[in-house]
Amino acid sequence: MQKNTKSVLIIGGAGALGKSVVNAFKTSSWKITNIDLIKNKEANQNILIQKPFDKDLILNVHKQIKSNYDCVINVAGGWRGESLKNEEIVVVSEIMYNQNVLSSVLAAHLAKKFMNKNGLLVLTGAASVKDNYNSGMIAYQLAKNSVHYLTEILAKNPQELPENSKIITILP
């Protein structure tokens, strides 16, 4: 195996989008660490987590990280809409928050602690929530707009990431 000169930490690397992202980095000979609920056999390292997020889970992730990364990517997430008339709106909103917002906060936290200078943090937002106020997908819109807002916070406070790092949010 060719010696890897760059490394990437991917949160959600076993999901549909995540598998594609892992494969793209694999073909470019990057060292890949996947953090997810299940393994991705294409990753060099898998750190398995269980929800809910808590301090012990985060400390366990810290212990399993073996090196610093050039790039941290969050592709974990999910979609469910719901409107206020639905009895499940609060439950669905919590699910969307956990899947989309907390995974992005985890990515930003790990980037702050384990990303090299000049690194890149990539979060996953959604084009469909920008300037679109669909009352049938309130839970999703709240979550993804929170990811967009996190991106703005980090872009306006560069000291929150390693020196000369960049942040982008993809909008699939």
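The values are calculated or read from the model by the stated rules, or taken from the named source; none is laboratory data. These numbers come from a predicted model, not from an experiment. Here Cβ is always computed from backbone atoms with ideal geometry, including for glycine, and neighbour counts include all displayed protein chains.
Some observations on this one:
- Residues located in the range 66-89, provided they are touching a strand residue (DSSP E or B) at 6+ places or on another chain (Cβ under 9 Å) and under 19 Å from Asn134 (Cα atoms): Trp79, Arg80, Gly81, Glu82, Ser83, Glu88, Ile89
- Only residues that are surrounded by fewer than 15 Cβ atoms within 10 Å (Cβ to Cβ), in contact with a Lys or Arg (Cβ under 8 Å, 6 or more places away or on another chain) and more than 19 Å from Gln99 (Cβ to Cβ) were counted across the range 43-66, and they come to 1.
- Contact map, the range 139-154: first residue crowded, with 19+ Cβ neighbours inside 10 Å, second residue among the aromatic types (Phe, Trp, Tyr) and not in a helix (DSSP H, G or I), Cβ cut-off under 8 Å, separation 6 or more or different chains; pairs are Tyr140/Trp79; Gln141/Tyr133.
- Scope the range 111-126; condition surrounded by fewer than 20 Cβ atoms within 10 Å (Cβ to Cβ) and either among the polar types (S, T, N, Q) or within 12 Å of the chain's Cα centre (by Cα) (or both); matching residues: Asn116, Asn118
- Count of residues meeting criterion [touching a Lys or Arg at 6+ places or on another chain (Cβ under 9 Å), of a type in the set (A, V, I, L, M, F, W, C) and either assigned to a loop (DSSP other than H, G, I, E, B) or in contact (Cβ under 8 Å) with a residue 24 or more places away in the chain (or both)] in the range 1-29: 2
- Of all residues in the range 79-131, those that are of a type in the set (Lys, Arg) and part of a loop (DSSP other than H, G, I, E, B) total 3.
- Filter pass, Ala43 being in contact with a Gly (Cβ under 7 Å, 6 or more places away or on another chain), modelled with pLDDT of 95 or more and not acidic (Asp, Glu): yes
- Checking each residue in the range 132-168 for being in a strand (DSSP E or B) and at pLDDT 95 or above picks out Lys166, Ile167, Ile168.
- Meets criteria (part of a strand (DSSP E or B), closer than 21 Å to Leu161 by Cβ and not basic (Lys, Arg)) for Asn34: no
- Out of Ile73, Ile32, one residue alone is buried (at least 20 other Cβ atoms within 10 Å of the Cβ), in contact (Cβ under 8 Å) with a residue 12 or more places away in the chain, among the β-branched types (Val, Ile, Thr) and touching a Lys or Arg at 6+ places or on another chain (Cβ under 7 Å). It is Ile32.
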